[in-house]
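J.: Please read through the structure below; I'll follow up with questions.
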Amino acid sequence: MIELRHVSKSYGPGRFARPVIEDCSFTVEANHFTVMMGPSGSGKSTLIRLVAGFEKPSAGEILVNDRPVTGPGQDRLVVFQESALFPWMTTRENVQYGPRARGELTGTGRARTDFLLEKVGLHAFRERYPAQLSGGMQRRAELARALVNNPAIMILDEPFRGLDALTKKMMIEYYAGLSAESPRTNLFVTTDVDEAIFLANRLLVMSHIPARVREVIEVDLPRPRSFTRILLDGRANALKMAALSLLHEEAMKAFGGGNIPAADFIEAHRRRVAAM
């Protein structure tokens, strides 16, 4: 569905250009969850903007269904880290924004809006404004606003960041359930390894800046998944430890090397999980 071929992106003029992404290649399979992880500031959000068509690569090419990405398209919807709900619109008006902007808010469009509001548990809050919704409700409204457009590809840049731990886990499970009912291609960015293992069919571990794929981890865990089962699953924990080890190595590069051995870092994480 999505293919990046030797993509590079730099900012700045001429010899002062700063490479953020360099010779990055990977594929995102259709109707799968591809999850991208990497150290903070490693260029993940820049990659998202390139795939979405908001920016153009300095080199290389990005293809969707073998067609070059030259700009934004209705086949790709982005859910950002920060809430993008319009504060002067009700929940229903926010969800209807895409079809209305395209002149497609017909009876079918209104029916789909109401269906999705029911699906995300917000029908009773359809006339509320964003300031009257909790953080979790706002994120559900964001998802409904994206899904009402029926995109082939969902691009999500840490969409549940900032939520409390319990609400975040509920939202992750909730979105996984929605995706199982209506499969689509997902490119999902996170810094949370538990979230990544829960969602992913394939996990891309990115290098420290300039970003490229450090390693691809296939997450062959059965679905449907739950955080309780994954916590007790030896295979899931082995995948988590492998991802954490790679992330630790890349994150240490941002600090000029660091002096915490990866094995000690992984053992400390294992003890925290065991104590939960």
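The values are calculated or read from the model by the stated rules, or taken from the named source; none is laboratory data. Keep in mind that this is a model prediction, so the values were computed, not measured. Reconstructed Cβ throughout: ideal geometry from the backbone, glycine too, with neighbour counts over all protein chains shown.
J.: For region 112-150, give me the residue count where each residue is touching a strand residue (DSSP E or B) at 6+ places or on another chain (Cβ under 8 Å), within 18 Å of GLY177 (Cβ to Cβ) and outside any helix (DSSP H, G or I).
T.: So the answer is 0.
J.: Starting from region 123-136, take each residue that is over 14 Å from ALA84 (Cα atoms) and in contact (Cβ under 8 Å) with a residue 12 or more places away in the chain and list its partners that are of a type outside the set (Lys, Arg) and assigned to a helix (DSSP H, G or I), counting only C-beta distances under 7 angstrom and pairs at least six apart or across chains.
T.: So the pair list comes out as PHE125/THR91; PHE125/MET137; ARG126/THR91; ARG126/LEU117; ARG128/THR91.
J.: Given (1) of a type in the set (A, V, I, L, M); (2) touching a residue at least 24 places away in the same chain (Cβ under 8 Å); (3) farther than 30 Å from ARG128 by Cβ, where does LEU85 come up short, assuming only one miss?
T.: Against the list (1) of a type in the set (A, V, I, L, M); (2) touching a residue at least 24 places away in the same chain (Cβ under 8 Å); (3) farther than 30 Å from ARG128 by Cβ, LEU85 comes up short only on (3).
J.: Which count do you get for residues in region 1-31 that are charged (D, E, K, R), touching a strand residue (DSSP E or B) at 6+ places or on another chain (Cβ under 7 Å) and surrounded by fewer than 12 Cβ atoms within 10 Å (Cβ to Cβ)?
T.: Total meeting the criteria: 1.
J.: Could I ask something else about it? For region 191-213, how many residues meet the condition of being hydrophobic (A, V, I, L, M, F, W, C) and more than 19 Å from LEU231 (Cα to Cα)?
T.: Going through region 191-213 one residue at a time, the tally reaches 6.
J.: All but one of (1) among the aliphatic types (A, V, I, L, M); (2) surrounded by 21 or more Cβ atoms within 10 Å (Cβ to Cβ); (3) touching a strand residue (DSSP E or B) at 6+ places or on another chain (Cβ under 7 Å) hold for ILE172; which doesn't?
T.: It is condition (3) that ILE172 fails.
Residues are listed down the side, and each one gets a yes or a no for (1) modelled with pLDDT under 90; (2) touching a helix residue (DSSP H, G or I) at 6+ places or on another chain (Cβ under 7 Å); (3) more than 26 Å from ARG161 (Cβ to Cβ); (4) not acidic (Asp, Glu):
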position	(1), (2), (3), (4)
THR90	no, no, no, yes
PRO99	yes, yes, yes, yes
GLU104	yes, no, yes, no
THR108	yes, no, yes, yes
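J.: Could you grab me the full set of residues in region 69-104 that are β-branched (Val, Ile, Thr), under 30 Å from SER25 (Cα atoms) and surrounded by 13 or more Cβ atoms within 10 Å (Cβ to Cβ)?
T.: Across region 69-104, the qualifying residues are VAL69, VAL78, VAL79.
J.: Here is a list: PRO19, PRO87. Which entry is more than 28 Å from PRO183 (Cα to Cα), assigned to a loop (DSSP other than H, G, I, E, B) and not aliphatic (A, V, I, L, M)?
T.: It is PRO87.
J.: Answer with yes or no whether PRO99 is free of Cβ contacts under 8 Å to residues at least 40 places away in the same chain and on the phi < 0 side of the Ramachandran plot.
T.: No, not satisfied.
J.: Right, next: Kindly indicate which of ALA180, ALA124 is more than 30 Å from LYS253 (Cβ to Cβ), of a type in the set (Gly, Ala, Ser), surrounded by fewer than 22 Cβ atoms within 10 Å (Cβ to Cβ) and at pLDDT 90 or above.
T.: The match here is ALA124.
J.: Next up: Just checking, does region 199-213 include any residue being in contact with a Gly (Cβ under 6 Å, 6 or more places away or on another chain) and in a loop (DSSP other than H, G, I, E, B)?
T.: Yes; the residues of region 199-213 include at least one that is in contact with a Gly (Cβ under 6 Å, 6 or more places away or on another chain) and in a loop (DSSP other than H, G, I, E, B).
J.: While we're looking at this one, here's another question. Output the number of residues of region 154-169 satisfying the condition of being out of contact with any Gly (no Cβ under 8 Å at 6 or more places or on another chain), crowded, with 17+ Cβ neighbours inside 10 Å and in a loop (DSSP other than H, G, I, E, B).
T.: Going through region 154-169 one residue at a time, the tally reaches 3.
J.: To continue, here is another question. Does ASP66 satisfy the criteria of being surrounded by 12 or more Cβ atoms within 10 Å (Cβ to Cβ), more than 30 Å from LYS253 (Cα to Cα) and not basic (Lys, Arg)?
T.: No; evaluated as a whole, the condition is false for this residue.
J.: Just give me the residues in region 22-53 being in a loop (DSSP other than H, G, I, E, B) and either under 22 Å from GLU249 (Cα atoms) or in contact with a Gly (Cβ under 8 Å, 6 or more places away or on another chain) (or both), in sequence order.
T.: GLY38, PRO39, SER40, GLY41, SER42, GLY43, GLY53, listed by residue number.
J.: A further question on this structure: Could you check, for region 190-198, whether at least one of its residues is in a helix (DSSP H, G or I), more than 13 Å from the chain's Cα centre (by Cα), among the charged types (D, E, K, R) and at pLDDT 90 or above?
T.: Yes: one or more hits.
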